[in-house]
Amino acid sequence: QVQLVESGGGLVQPGGSLRLSCAASGSIFRINAMGWYRQAPGKQRELVADITWSGSTNYADSVKGRFTISRDNAKNTVYLKMYSLKPERAAVYFCEVRTCYGTYWGQGAQISVSS
């Protein structure tokens, strides 16, 4: 059993920044990659960014240069720093962890962007 606890969501003004965190615990034997997805109302869940255990990163084109993903292997934690947030970036952001035994999801963190 793997548990993922997300934190850092909330309301931010347009142009503001937020940092999401996702800490994994439980039966973690080998994490291959961790990532963030988002799902806006009425839309499919989409990849925002992911990072392998060795540090290779991958970003959706729409967030390149505006979001930064990082991880702390010792803490089994992945972070997503979001800059210059726009209203269209509002969504529920989900943490994803890929291990050799399966893929696990966090409960989701709501990000709202409004003045």
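The values are calculated or read from the model by the stated rules, or taken from the named source; none is laboratory data. Quick caveat, the model's predicted, so the values are computed rather than measured. Don't worry about glycine lacking a Cβ; one is built from the backbone with ideal geometry, like all the others, and counts go over all protein chains shown. SASA here: full protein model, heavy atoms, side chains in, ligands and nucleic acids out. Shrake-Rupley method; radii C 1.70, N 1.55, O 1.52, S 1.80 Å.
Here are a few things to note about the model shown:
- Here residue 111 does not qualify as touching a strand residue (DSSP E or B) at 6+ places or on another chain (Cβ under 7 Å) and at pLDDT below 95.
- Residue 19 meets all of the listed conditions (1) over 10 Å from the mean Cα position of the chain (by Cα); (2) surrounded by 11 or more Cβ atoms within 10 Å (Cβ to Cβ) but one, namely (1).
- Single condition residue 8 does not satisfy, out of (1) more than 16 Å from residue 110 (Cα to Cα); (2) touching a Ser or Thr at 6+ places or on another chain (Cβ under 6 Å); (3) crowded, with 16+ Cβ neighbours inside 10 Å: (1)
- Selected residue (criterion: farthest from the chain's Cα centre (by Cα)) from residues of segment 26-64 that are among the charged types (D, E, K, R) and in a loop (DSSP other than H, G, I, E, B): 30
- Matching residues in segment 90-105 - criterion: being assigned to a strand (DSSP E or B) and over 14 Å from residue 7 (Cα atoms): 91, 97, 98, 99, 102, 103, 104
- Unmet requirement for residue 67, which otherwise passes all of (1) in contact (Cβ under 8 Å) with a residue 40 or more places away in the chain; (2) under 11 Å from the mean Cα position of the chain (by Cα): (1)
- Within segment 62-115, considering residues that are acidic (Asp, Glu) and more than 14 Å from residue 15 (Cα to Cα), the one most open to solvent (accessible area, probe 1.4 Å): 72
- Selection over segment 42-61 of residues that are under 19 Å from residue 104 (Cβ atoms) and loosely packed, with under 15 Cβ neighbours inside 10 Å gives a count of 4.
- Complete set of residues in segment 41-62 that are at pLDDT 95 or above and hydrophobic (A, V, I, L, M, F, W, C): 47, 48, 49, 51, 60
A quick yes/no check of all residues on (1) polar (S, T, N, Q); (2) touching a helix residue (DSSP H, G or I) at 6+ places or on another chain (Cβ under 9 Å):
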residue	(1), (2)
15	no, no
29	no, no
40	no, yes
57	yes, no
73	yes, no
82	no, yes
